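No value in this document is a laboratory result; all are computed from the given coordinates. Keep in mind it's a predicted model, so treat the numbers as computed, not measured. Please note: Cβ atoms are built from the backbone with ideal geometry, for glycine as well, and neighbour counts cover all protein chains shown.
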Amino acid sequence: MSQPTPDFSRGAAYVNGTFVPMSEAKIPLGDWGFTRSDVTYDVAHVKHGGFFRLDDHLDRFETSLAGYRLTPPVDRAQMREIVGRCVALSGLREAFVAMLSTRGVPRVFGSRNPHDCDNTFYAYAIPWLDVIKPDVQERGAHLLVASVPRFSSRSLDPTLKNYNWRDLSRGVFEALDSGYDTALLLDDDGFVTEGPGFNVFIVKGDVVTTPDRGALLGITRRSVLELCPELGLEPRIAPVTFDDLMEADEVFTTTTAGGVMPCARVNDRIYGNDRPGEISLRLKALYWQKHAEGWHMTPVNYDDPERPFAAGLTPEGEKRP
Ligand SMILES: Cc1ncc(COP(=O)(O)O)c(C=O)c1O
């Protein structure tokens, strides 16, 4: 009897060397990725049938892997092919694409030695999602500066992408309990860092500033910094205080799963007309216009999932044998 064709339309995952529908993707309970948060990851997106800044995401993932001393069983070229194949299998033209490496399950029962673990590589592509819902983005998000501080950068480097989200999750509960959409966290010294899954920017005149500390080096953040000069804006990476936030003309957040997301309120401060600010909206429009023009885009070859990038070419752009 022939096997039924797997249904990848709700997402495709790569687990233990095979591609499975997302609904069948599992990790073992004993994996330190789960029991110790000993895992790093990266998330890219696909729009208009192509990856956005795929190699920048792979660069950041490799930096995170090195920072965590994780050695997955696949090399960069293989990771690239695997994430591409997840997308091609799913057929998704707009997708959220994650790659992960966990410490793994120790080979020696009860071991506390990370060298006893074989590190893993997982990946998946699922339909596009927004970390701040589109209707909230439309009216401008309401952020609460949470009372819980962001974890100390001395304990955990925030530029290595991580799932240590206790502080961020506590902030979200606090924000929701008080009627806000989501949270922003300050560090122990009172400087603005980031929120649950996004970087933050303030706009004052024609200067667009994002915090220089306590935050992931977001790929969307970098894209916005690159786009600012096209709109005659001055991009800046600098310390941002709570007062800077309150005195800003506009505030917006950025992430892969949402792009440029304008805010209308932070705490009891209402910006402009309690709607997304003009500069935030111009940056958002330019960001998506650039996508439509193919900026930093690597098209996916949906016709042949085994060769997910330009048919007949290796990831390095060389002709396949
Ligand atoms: C904590 C945190 N900060 C910032 C970001 C935004 O980074 P990027 O623009 O690369 O998605 C993310 C993305 O998930 C994140 O988890």
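Using the alpha-carbon atoms, what tilt in degrees (0 to 90, nearest 10) does helix 76-90 show relative to the longest principal axis of the chain? Taking Cα atoms only, the helix is inclined about 90 degrees.
Counting only DSSP beta bridges with both residues in the chain, the antiparallel share comes to about 80 percent. Normalising the average separation of contacting C-alpha pairs (under 8 angstrom, six or more residues apart) by the number of residues puts the relative contact order of segment 30-102 at 51 percent.
Estimated from the Cβ-Cβ distance and a Förster radius of 35 angstrom, the FRET efficiency linking F34 and S9 is about 0.80. Projected label points at Q78 and L129, each 7 Å from Cα along the beta carbon direction, are separated by 2.8 nanometres. Working from Cα positions, state the angle (0 to 90°, nearest 10) between the long axis of helix 278-292 and the longest principal axis of the chain. Between the helix axis and the principal axis of the chain, the angle is about 20 degrees. As I understand it, the value is the acute angle between the Cα axis of helix 166-177 and the longest principal axis of the Cα atoms of the chain; what does it come to in degrees, rounded to 10? So the inclination is approximately 50 degrees. Lys and Arg at +1, Asp and Glu at -1: add these up for the other residues within a Cβ distance under 13 Å of N273 and post the number. Neighbourhood net charge equals -1.
Think of segment 11-112 as a dipole: +1 on every Lys or Arg Cβ, -1 on every Asp or Glu Cβ, centred on the Cα centre; then among T63, I27, G91, I27 lies furthest on the positive end.
FRET efficiency for the V207 to R112 pair, using the beta carbon distance and R₀ = 35 Å, is estimated at 0.10. According to the square roots a ≥ b ≥ c of the eigenvalues of the Cα gyration tensor, what is the shape class of segment 90-193, taking rounded for a/c under 1.5, prolate for a/b larger than b/c otherwise, and oblate for the remainder? Here segment 90-193 falls in the oblate category. Once you mark the trypsin sites (Lys or Arg not before Pro) that are in a DSSP loop and have at most 15 other Cβ atoms within 10 Å, what is the longest gap between them in the chain? Free of exposed loop sites, the longest segment is 155-321. Can you tell me what share of the DSSP beta bridges in segment 134-276 is antiparallel? A percent to the nearest 5 is fine. So the antiparallel bridges amount to about 60 percent of the total. In order along segment 264-276, the Karplus-derived 3J(HN,Hα) couplings, from 6.51 cos²θ - 1.76 cosθ + 1.60 at θ = phi - 60°, round to 10, 9, 10, 6, 9, 8, 10, 8, x, 9, 6, 9, x Hz, and Gly and Pro are given as x. Ignoring the sites themselves, the chain has its longest run without GluC sites (Glu not before Pro) in a DSSP loop having at most 15 other Cβ atoms within 10 Å at 95-292.
Modelled spin-label separation between H296 and E24, with each label point placed 7 Å from Cα along the Cα-to-Cβ direction: 3.5 nm. Considering segment 120-166 at the alpha-carbon level, its Rg and Dmax are found to be 15.4, 41 Å. Within straight-line reach of K47, meaning a Cα separation under 16 Å, sit the following lysines at least 8 residues removed in sequence or on another chain: K284, K290.
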